[in-house]
Amino acid sequence: MSQSAAQAAPEQSGTGTPPVVAARDLVKVYGRADSAVRALDGVSVEFARGAFTAIMGPSGSGKSTLMHCLAGLDTVTSGTVHLGRTEITGLRDKQLTLLRRDRIGFIFQSFNLLPMLTAEQNILLPGRIAKRRHDPARFRRIVEVVGLGDRLGHLPSALSGGQQQRVAVARALLGDPEVVYADEPTGNLDSRSGAEVLGFLRDSARELGQTVIMVTHDPVAASYADRVVFLRDGRLVDEVHGPTAETVLDRLVNLES
Amino acid sequence: MLRTTLAGLRLHKGRLVTTALAIALGVMFVTGTLVFSDTLRASFADQVMGSAEKMDVVVLPEDERRGTVPRDVLAEVRDLPEIDRAAGVTAGDAPLLDKDGRAVGSVPTLGVSVGDLSRYSAAEGELPDAPGEAALATVSASATGYKVGDTATVLGPDGGKHEFTVTGLIDFGTAADVSFRGAVAFTPQTAVEMTGAEGFAEIDAVAAEGVPRQQAVDAVAAVAGSGTEVLTGRELGERLADQAGAQADVLAAGLLLFALVSVLVAAIVIHNTFAILVAQRQREMALLRCVGAVRRQVFTSVVAEALVVGLAASALGVLAGIGLGAAGFALGADALNTGASGAAVVLQPGAVLIGLAAGTATTLFSALLPARRAMSVPPLAALRTSAVAAGLDRRPGLLRAAAASVLLPASAAVVFLSRDAGSPQAGLYLVAGAGMVAFVGVVVAGPLLVRAAVAAVSPLMRALGVSSALAADNARRSPRRAATATIALTVGATLITGYAVINSSMMSTMNDLLDEQFPADYQITGQFTDENPAIPRQVARDLRAAPETAQVVAQRSATDGTPGPDATWYSTLDGAPLEEAASAVRQERAGDLADVRPGSVAVQADYANAEGLGVGDPVTVKTPDGERGLEVAAVVEAAAVWSVLMAPEDFAAAFPGKGDEIISVVGAEGAEAAKLRDAVYAAVEDHPTLQVDSVAQMRKQFEDVLGTAFLAVVAMLGLAVVIAVFGIANTLALSVLERTRESALLRAMGLKRAQLRLMLVWEAVLLCLIGALVGIGLGVSFGWAAADAAFEDLIFSVPIAQIAGFVGAAVAAGLLASVLPSRRAARTSITAALASE
């Protein structure tokens, strides 16, 4: 694991295939004039197909903002984001909505599920919104992999936190999106459930070729990823390939100092 | 603690705006009604006091209906030293003819005298001054279209036509019979000639300079003699004001009833809002408990919040109510004949206080249960973080189902009982009671009903698309909330539908009665006077001779001489065989109408029962000349006043002097309507006081009256519906706030803004439809039960078109209710909602 330069070059993702998601010179400013906060200050980063990447950084480093901008949930002040060949930074709200619907999957920290829908209905919801037929074989396989077979008819309130997150993972994976964004997916889980969910994410990247981008502040969670990028004060400051919990923790400690 | 409450109110004021509006609207109705009726009463009083107080002394006959004050009393009163001036008022029948030469109204117009000394003055033009002049009451002028300067014809006591120049219009205001009879005013001498009245209806006098009123009254009373009543002008004014005030009171009572419905609906809306707010603020309450607030303080804080909201909204409602009352008076003054639409609005402290108290008390009362629930939030709830958004009720319990399954059949049983209640009143009370039981049943079963209704439409909504599918799921997630919101609408829908059913049943019953009792095209009757003169025989003869008529039946009646309602009525129908002419006969119990020939009669069933008569029995007819023996040929049931129906020949022999009372005319087949009309009017041309009613016109009048009443009732109940729609909008808005996070999640997953909005539109429409349909169901059932209890032989009719209209209105209401909540939901920023928890 080489010491990477502070201004890590994003082009070095290692494979020949074009990146699934690419951000260039992203700037996001909140507020105006004197009270302005630069949440993102010129971030350029690429994410390769089938890679499981973790975005880390201390609170207020801009990691959630980066994810929101990459996923088309938030607008950017300047810079560009590409999903595949589509530049999403220029899109209108309606086009962004369709883009999220058809090409992106989401897993949030909590309130991931609609309380009035059963686990199965929650998993199938994005497909319903998009009026997409789901592939029953893929549905069965994903449900089996995340181990929800006997809980499908339950309402979220009857599921444990870990089960709820597994439903969210299944939902995000079912549509075969180009990229899955996970925002602190294990933040509310105990370590065993968290490990399960992270295992699914890693497996889906390795076995299904699913691109996953995860925001987290937990070094153990980050260690499941293939690569970790570090943010501080809205800038990309470091990155690690093939991380372990210890290496991630080291880098974090370095960042804080 | 109060400071916390107020701070909380400021923070959540958006959530309480619609609730405040609901209260304000209810209070507005209450205060508006009170201000309106106070103003109306005051304006009535002003008017009668103004006219009566012009006089110091008024002499009235003791028997106000028939009696008069003898003419010579006037001269004696004038001679009294205590009296300066005095005038007698002559009053009697003076049939005014309209521009077509027919007498106006079914009762002859009142003829009165006015002179230099009169309680009334001209509202327009001048009082009559010469024998050929007359002034018309404003009501008569608007009924006939006569204006100042026109020439009007009035019939004299001998039936002769006299022409007068209209010099002015007089506003008689609330004077009891002028409002429906109308009036023509003449100079005193002409009034005597035109009415043929013997005495005076009233003597008005002004006391001499310096004589106290009471002294003048005593002096007049000494000469007026027995059979008269002597009052001061003020006393007369007060008496008239009381009568007019009673009118205003009846109106106010009716309006207040509707206001009460609005307040009730507002109470339901308030209750729901507070219940939702308390549920949403569980953690807030728990936090208060954690930092040391005792249960009572939490309870008090919710009650205090209700108090503040209730007071503020009630104050707003009182202000709006004053405006409403003033506007209502300005608009309604003409219709109500107050004649003083410009009068100042009367604002009594009662109107303000009752409005404030009603609104505040309703709010407080409605917030009590939610406040109790807030009290029972454990401090630990503050620490609980639920991963699932709030707002999921427990499944509605078995208890509800059990209670409802007792209440609803009980209500049905009471309705069933009401059918044999004996009297219409008892039946109506039973139906009202059953209605309340059913309403409680619906309230209890509400959550179950909502669940069932949503479950029923779910498959359809799922098939329609993702927005409607989500809406169906949302509507089911908190059935209790949804049920309370919809029940507010159910109240209005039940009452409106119930009234619509009663109205439509009355209309169809009326139509049927008209067909049954007047299977004729025209009916001719005399004007209603004390003597009730008969219709000259020549009229029927002329009608029969006209080629346009097919059947002309004349009815004559007489009594056995017993005074009052116990009299036995004898009638005959001349002009057609009895079995055809006696259209009022519904059923022949025994014998055959066709067998009624000279020497025999038909009798009504209840008379036959009372007298123990059967076919073949002898029956005695009492005539002024003695008794006559006849034989019963038929026992019938008929909707008519007569007890005994005789053959024309027998009747003529028994009561030789009796003329025709009612003539029914059936047009010949193929006769043109206009020609038939001309023939009928030609036959009565020489008898202007005869009333000609076309059955088509009567039908139209009935329909107009019922239609107007229906519109008025719907308008009054409309406010309750508006309040209920506010309630649904509010419930939805609060749900949207609660589901911000969910909305963001849906948007992140690619639900378009329009789809999110559509979801809420579906939800609102669904709630409104459930509320309206339950109301329509209840309304049809109890409208039928009430109408059936109140009217005999009711023909039940469901106004399908109107009900379809209500359903359409419910959909529109849902669309309206969803406007603000759905905008709010669609506008929420995804990232902000995801960041906040």
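The values are calculated or read from the model by the stated rules, or taken from the named source; none is laboratory data. If you're wondering where the values come from, they're calculated on a predicted model, not measured in any experiment. Ideal geometry is used to build each Cβ from the backbone, glycine not excepted, and the neighbour counts take in all protein chains shown.
Among the residues examined, B:A241 does not qualify as touching a Lys or Arg at 6+ places or on another chain (Cβ under 6 Å), part of a helix (DSSP H, G or I) and either closer than 30 Å to B:V35 by Cβ or modelled with pLDDT of 85 or more (or both). Looking only at segment B:802-820, residues that are modelled with pLDDT of 90 or more and closer than 16 Å to B:M506 by Cα come to 0 in all.
Hey, does segment B:795-804 have a residue that's within 28 Å of B:L408 (Cβ to Cβ), more than 14 Å from chain A (Cβ to nearest Cβ), over 25 Å from the mean Cα position of the chain (by Cα) and surrounded by 19 or more Cβ atoms within 10 Å (Cβ to Cβ)? No, segment B:795-804 has no match at all. Here A:G84, A:G79 are screened, and the one residue that is at pLDDT below 90 and of a type outside the set (A, V, I, L, M) is A:G84.
Does A:G105 count as touching a His at 6+ places or on another chain (Cβ under 7 Å), buried (at least 18 other Cβ atoms within 10 Å of the Cβ), among the small types (G, A, S) and facing chain B (nearest Cβ under 10 Å)? No. Of all the listed residues (B:Q523, B:Q538, B:Q527), the sole one being surrounded by fewer than 23 Cβ atoms within 10 Å (Cβ to Cβ), more than 30 Å from B:K752 (Cβ to Cβ) and over 37 Å from the mean Cα position of the chain (by Cα) is B:Q538.
Scan segment B:498-509 and give yes if some residue there is surrounded by fewer than 24 Cβ atoms within 10 Å (Cβ to Cβ) and in contact with a Lys or Arg (Cβ under 9 Å, 6 or more places away or on another chain), otherwise no. No, because not a single residue in segment B:498-509 is surrounded by fewer than 24 Cβ atoms within 10 Å (Cβ to Cβ) and in contact with a Lys or Arg (Cβ under 9 Å, 6 or more places away or on another chain).
Name the residue that is surrounded by the fewest Cβ atoms within 10 Å (Cβ to Cβ), counting only residues in segment B:747-758 that are within 11 Å of chain A (Cβ to nearest Cβ) and closer than 17 Å to B:L737 by Cβ. Checking each candidate, the answer is B:L756. Within 12 Å of chain B (Cβ to nearest Cβ), in contact with a strand residue (DSSP E or B) (Cβ under 6 Å, 6 or more places away or on another chain) and among the aliphatic types (A, V, I, L, M): does that describe A:V215? Spelling it out, A:V215 is indeed within 12 Å of chain B (Cβ to nearest Cβ), in contact with a strand residue (DSSP E or B) (Cβ under 6 Å, 6 or more places away or on another chain) and among the aliphatic types (A, V, I, L, M).
Of the listed requirements (1) within 21 Å of B:D473 (Cα to Cα); (2) more than 10 Å from chain B (Cβ to nearest Cβ), A:E178 misses just one: (1). Return the residue satisfying two criteria in turn: it lies in segment A:66-111 and is farther than 18 Å from B:A826 by Cβ and polar (S, T, N, Q), and of such residues it is nearest to the chain's Cα centre (by Cα). Per the stated criteria, the residue is A:Q109.
Taking the criterion of being of a type in the set (D, E) and under 16 Å from the mean Cα position of the chain (by Cα), the residues of segment B:694-751 that qualify are B:E703, B:D704.
Would you call B:P618 closer than 19 Å to B:E516 by Cα, exposed (fewer than 14 other Cβ atoms within 10 Å of the Cβ) and free of Cβ contacts under 8 Å to residues at least 24 places away in the same chain? Against the criterion (closer than 19 Å to B:E516 by Cα, exposed (fewer than 14 other Cβ atoms within 10 Å of the Cβ) and free of Cβ contacts under 8 Å to residues at least 24 places away in the same chain), B:P618 does not qualify.
Every listed requirement among (1) over 17 Å from A:A182 (Cα atoms); (2) polar (S, T, N, Q); (3) more than 14 Å from chain B (Cβ to nearest Cβ) is met by A:T53 save one, (1). So which residues in segment B:723-746 are of a type in the set (S, T, Y), farther than 20 Å from A:G127 by Cα and within 11 Å of chain A (Cβ to nearest Cβ)? Correct list: B:T740 only.
Taken over segment A:138-155, residues that are within 14 Å of another protein chain (Cβ to nearest Cβ) and either free of Cβ contacts under 8 Å to residues at least 40 places away in the same chain or in contact with a strand residue (DSSP E or B) (Cβ under 8 Å, 6 or more places away or on another chain) (or both) amount to 1. For the criterion of being under 28 Å from B:A754 (Cβ atoms) and over 18 Å from the mean Cα position of the chain (by Cα), A:E120 passes.
Please go through segment B:806-837 and give me each residue that is more than 19 Å from B:A471 (Cα to Cα) and within 14 Å of chain A (Cβ to nearest Cβ), ordered by number.
B:S829, B:I830, B:T831, B:A832, B:A833, B:L834, B:A835, B:S836, B:E837
Exactly one residue out of A:A158, A:A130 is surrounded by fewer than 21 Cβ atoms within 10 Å (Cβ to Cβ), in contact with an Asp or Glu (Cβ under 9 Å, 6 or more places away or on another chain) and within 14 Å of chain B (Cβ to nearest Cβ): that is A:A130. Where residues in segment A:79-102 are of a type in the set (A, V, I, L, M) and either touching a Pro at 6+ places or on another chain (Cβ under 9 Å) or within 11 Å of chain B (Cβ to nearest Cβ) (or both), which of them is surrounded by the most Cβ atoms within 10 Å (Cβ to Cβ)? The residue in question is A:L96. Screening A:D135 on (1) within 27 Å of A:V215 (Cβ to Cβ); (2) more than 10 Å from chain B (Cβ to nearest Cβ) shows it passes everything except condition (1).
Screening segment B:28-123 for strands (runs of 3 or more DSSP E) wholly inside it with 1 or more residues that are assigned by TED's automatic domain parsing to the domain that holds B:V217, at pLDDT below 85 and under 25 Å from B:T144 (Cα atoms) returns no ranges.
Residues B:I663, B:I728: which one is more than 24 Å from B:R537 (Cα to Cα), surrounded by 18 or more Cβ atoms within 10 Å (Cβ to Cβ) and modelled with pLDDT of 85 or more?
Answer to the check: B:I728.
Of all the numbered requirements in (1) without any contact (Cβ under 8 Å) to a residue 40 or more places away in the chain; (2) within 30 Å of B:E703 (Cα to Cα), B:M506 misses one, and that requirement is (1). Picking from residues in segment B:139-148 that are modelled with pLDDT of 85 or more and not basic (K, R), the one that is nearest to the chain's Cα centre (by Cα) is B:S140. Does B:V184 fit the bill of being aliphatic (A, V, I, L, M) and modelled with pLDDT of 90 or more? The answer is yes for B:V184.
Just one of B:E64, B:E76 is under 31 Å from the mean Cα position of the chain (by Cα) and surrounded by fewer than 19 Cβ atoms within 10 Å (Cβ to Cβ); which is it?
The unique qualifying residue is B:E64.
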